[in-house]
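> After the structure tokens below, expect a handful of questions from me.
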Amino acid sequence: MHRCKIGAMGRSTASPPLKTAVELEIAEVYERESGSILRYAWALAGDQETAHDALQEAFFRFFLCRSAGQQIRSAKGWLFRVAHNYVLDQKKASSRNAVGIESLANVPSPTPHAESEDLSDLLRKLPQIGLSAREIECVRLRTEDLRYEEIAAVLGLQAGTVGALLTRAHMKIRKAVGDRTDKSQAFRAAAAGEKQYAS
């Protein structure tokens, strides 16, 4: 049994344990990715408690795999996939009628900037625009800065399918908000000092 010595003031004189490279890696990944994973899990689950459980489960499994020496090519995609599967498993196990994939658009963005407010508004409107549940999932994951390959891994799809879903979603969104986008682009160009010519 290892005991630490207590100094004159009652403080430990033993050095704190050194963190392993795996622990440092996990702490870094957690700091960088936990917010976006939690937002996604919350949107998918429809409740905060399940989302927090999904985040905890994802990082616990990540810790176990990395501690065992398993290499994970894309930590972000892997963690999103584990959280995604955890939420779906919880929904199946509880067989409650929780909010579905359509609620992905209802989770607010964590930053209060005008662009993120516009994005939050747009995400809330995705079901009304006519996007499918898969298209909404792809758009939501893409807004969390996941690459096509990572989105494919999370959803169990091919990267080409993700590309097709995002392309269709993009076309539907542009069609639905086309006038607003054109006005916004003209405003930005004018603000930047560019001249707009009528064609």
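> What is the sum of charges around Phe80, taking Lys and Arg as +1, Asp and Glu as -1, for the other residues whose C-beta is under 9 Å from the C-beta of Phe80?
Working: positive: Lys76, Arg81; negative: Glu33, Glu144, Glu150.
Summing Lys/Arg as +1 and Asp/Glu as -1 gives -1.
> I want to check the label-to-label distance for Lys125 and Thr161. Put each point 7 Å from Cα in the C-beta direction and report it in nm to one decimal.
Inter-label distance under the simple model: 3.0 nm.
> Under a crude label model (7 Å from the Cα following the beta-carbon direction), how far is Arg134 from Arg147 in nanometres?
Distance between label points: 2.3 nm.
> Starting with the highest mean, order 134-140, 50-56 by the number of other Cβ atoms within 10 Å, averaged over the residues of each peptide.
On the way: 134-140: 22.9, 50-56: 19.9.
The most tightly packed comes first, giving 134-140, 50-56.
> Right, something else. Any chance you could get the radius of gyration and Dmax over the Cα atoms of region 134-173, in Å?
Just the Cα atoms of region 134-173 yield Rg and Dmax of 8.8, 24 Å.
> Can you tell me which of 65-74, 37-46 comes out highest on packing, and rank the rest after it, using the mean Cβ neighbours within 10 Å? Don't jump to the answer; show the numbers that get you there.
Details: 65-74: 11.4, 37-46: 23.5.
Descending mean neighbour count gives 37-46, 65-74.
> Tell me the net charge near Gln70. Cut-off is 13 Å between Cβ atoms, Gln70 excluded, with +1 for each Lys or Arg and -1 for each Asp or Glu. Let's see the in-between values first.
Working: positive: Arg61, Arg66, Arg73; negative: Glu25.
Cβ neighbours under 13 Å give a net charge of +2.
> While we're on this one: Assuming a viscosity of 1.002 mPa s and a temperature of 20 °C, what translational diffusion coefficient in µm² per second does Stokes-Einstein assign to region 19-99, Rh being the Kirkwood radius over Cα pairs?
Numbers: Rh = 12.9 Å.
Translational D for this selection: 166 µm²/s.
> In what sequence, highest mean first, do 150-157, 167-174 appear when ranked by Cβ atoms within 10 angstrom? If you can, show how the numbers build up before the last one.
Values: 150-157: 20.5, 167-174: 14.9.
So the peptides 150-157, 167-174, ranked by packing, come out 150-157, 167-174.
FYI, it's all coordinate maths here, none of it is from the lab. These figures come from a predicted structure and were not determined experimentally. No Cβ is skipped: glycine too gets one built from the backbone with ideal geometry, and neighbour counts run over all protein chains shown.
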